[in-house]
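Please read the structure below before turning to the comments.
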Amino acid sequence: MQLDISFIMTAFLEILQALPLTLAITFVPLVIGFGIGIGIALIRLYEVRYIHRVAGFYVSFLRGTPLILHIYIVYLGIPMIFDRLSAHFGWGMNSSSIPLIIFIFIAFSLNAGAYMSEIIRSGILAVNKGEIEAAYSIGMTTRQAMWRIVLPQALLISLPNLCNMFIGLLHGSSLAFSISLLEINGKASIVASTNWKFVESYIAAAIIYWGLTLIAEQITGLLEKRLRTFAKGGVA
Amino acid sequence: MIQLRNIRKTYGKHSVLNGINITVEKGDVIAILGPSGSGKTTLLRCINFLEHPNEGEITIGEVAVDCKHASKKDVLALRRKTAMVFQHYNLFKHKTVLQNVMEGLTVVQKMPAEEAREISLLMLAKVGLTHKADSYPSQLSGGQQQRVGIARALALNPEVILFDEPTSSLDPELVGEVLTVIQNIAQEGVTMIVVTHEMGFARDISNHIVFMEEGRIIEEGKPQDIFNAPKEERTKQFFKRFTNEWSYSI
């Protein structure tokens, strides 16, 4: 079989239509997961009574199981709960009316939250303890010290890892096809099987993923440079 | 007035402070001296609860705190009456020099930014760093960073400034500039408690010296008395080395 180079371009353009969906599946969980991550990291660091155990279990379980399982469990489990609640409270709605993408958002956000909580936790731990003491010494409350002194620095330290998280989510978004959402990977499969040009379609999809990854790396690099102005100088 | 009554601190079975009593009047400059591990720094850190004392009573102005039952509110109240200058400066690395000094005023004392800025610039002028206001800590030398640390403490206008070995991590060449700044503030009547290894400095700026060992105050008194005529055997031994050094240098 011969590789049809020109079809790669055709496939590329067609698959590109799925880009908004892929980006949505990447960005929405990134943002929600970030919020979950900060919350979980703080709960675990301050060992908030009782719930820090729940948080610990959440992180351990989600990081200890593959993303595809999270998708299945959310996709199959939530409708069961939803339908039962709906019947009980008489919402008059059926789980089949929930858009597919909601399940993906939930599964991916939970997954991303678990990983990001660890990224943020390590970032917080990397902030110089002396600065926290200094914050306390000038009379700041724990909350003020956390939001004004610790978190801004912790997030900056975490930036490269958060970028990795983005890339992981971007590539993980291809699993959304498993519940038949047509994101880039799904679209590529359709284009491939309708035209009988498999390698070409998947190469086109790969190029799109790679391009997105390059852009993400570039943006992170720029961001880091901009935000790190304070680290310039070099005198200890 | 600042009063420490029977301050005790233990780490597990190890007792670091065995009932310390100190009274500091307004405008006093107290120097705490003693060998390493004598509990000087721990005592200083107990005053603003960076270490929680197990027992004792701390009074600063109208705030009186029973250490054993200190609430979050008590701790905050004590911290808002004091300021600290650290051995390792501990400036906020992601903030400029000016922001470092303003932070306590705007965030803790809720002062309008414009007023805080004015005060902060005044303090930076006092430590001779007005021209570095927009620099980041990483762009400064150790001595300059420590002077910013002093400006940050001064800006809060606290009842007392706690100095925790302010020159111990500095290049010998940079010690002078920091000591000069501290001396200038001392002459303005700012109340200070200074933990230091700089004997000559302690003698020159303080009006009261506390000598500690093994979590106890061994001897205290006026600098000239402690340095020239110590009463306790241990104190004599400790200061002998220092006075000898002086005679050598002539």
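The values are calculated or read from the model by the stated rules, or taken from the named source; none is laboratory data. Model, not experiment: these values are computed from the prediction. Reconstructed Cβ throughout: ideal geometry from the backbone, glycine too, with neighbour counts over all protein chains shown. The area values use the complete protein model at the heavy-atom level, side chains included, leaving out ligands, DNA and RNA. Shrake-Rupley method; radii C 1.70, N 1.55, O 1.52, S 1.80 Å.
Here are a few things to note about the model shown:
- Within the straight-line cut-off of under 19 Å between alpha carbons, the aspartates and glutamates reachable from B:Lys231 are B:Glu213, B:Glu214, B:Glu219, B:Glu220, sequence neighbours fewer than 8 places apart in one chain being disregarded.
- Test item: Cα-centred dipole of chain A, Lys/Arg +1 and Asp/Glu -1 on Cβ, debye: 740 debye
- Only protein heavy atoms count here, probed at 1.4 Å, and on that basis chains A and B bury about 2300 Å² of accessible area in total.
- Given R0 = 56 Å, the distance between the Cβ atoms of B:His14 and A:Val199 translates into a calculated FRET efficiency of 0.20.
- Helix A:198-227 and the long axis of chain A differ in direction by around 20°, with both axes built from C-alpha atoms.
- Sites B:Glu173 and B:Gln237 - FRET efficiency at Förster radius 35 Å, r taken between beta-carbons, to 0.05: 0.70
- Computed magnitude of the charge dipole of the range A:99-204 (debye, nearest 20; Cβ of K, R +1, Cβ of D, E -1): 100 debye
- Calculated [θ] (222 nm, deg cm²/dmol) that DSSP helices of n ≥ 4 give over the protein assembly as shown, each run adding -39,500 (n - 2.57): -18500 deg cm²/dmol
- ³J(HN,Hα), Karplus 6.51/-1.76/1.60, whole Hz, each residue of the range A:160-173, x for Gly, Pro: x, 5, 5, 5, 4, 4, 4, 5, x, 5, 4, 6, x, 4
- Chain B: DSSP helices with Cα axial extent of at least 18 Å and average Kyte-Doolittle hydropathy no lower than 1.6: none
- Where both bridge residues fall in chain B, DSSP classifies roughly 60% of the beta bridges as antiparallel.
- Longest to shortest principal axis, alpha-carbon extents of the range B:22-114, angstrom: 40, 30, 26
- Normalised contact order of the range B:88-164, rounded percent, pairs of Cα under 8 Å and 6 or more residues apart: 43 percent
- Radius ratio Rg over Rh of the range A:24-176, counting only Cα atoms, Kirkwood formula for Rh: 1.07
- Considering only A:Leu181, B:Leu122, B:Met1, and ranking their Cα positions along the charge dipole of the protein assembly as shown that arises from unit charges at the beta-carbon of Lys, Arg, Asp and Glu, the one farthest toward the positive end is A:Leu181.
- Phi to ³J(HN,Hα) by Karplus 6.51 cos²θ - 1.76 cosθ + 1.60 over the range B:212-220, Hz, x for Gly, Pro: 10, 8, 6, x, 10, 8, 7, 7, 8
- Cα coordinate range in chain B, projected on the principal axes (Å, largest first): 54, 52, 31
- Charge dipole magnitude, Cβ of K and R +1, D and E -1 - the protein assembly as shown, Cα centre, debye nearest 20: 680 debye
- Taking a straight line from the alpha carbon of A:Lys225, these lysines sit under 25 Å away, with near neighbours fewer than eight places off in the same chain left out: A:Lys129, B:Lys93, B:Lys95, B:Lys132.
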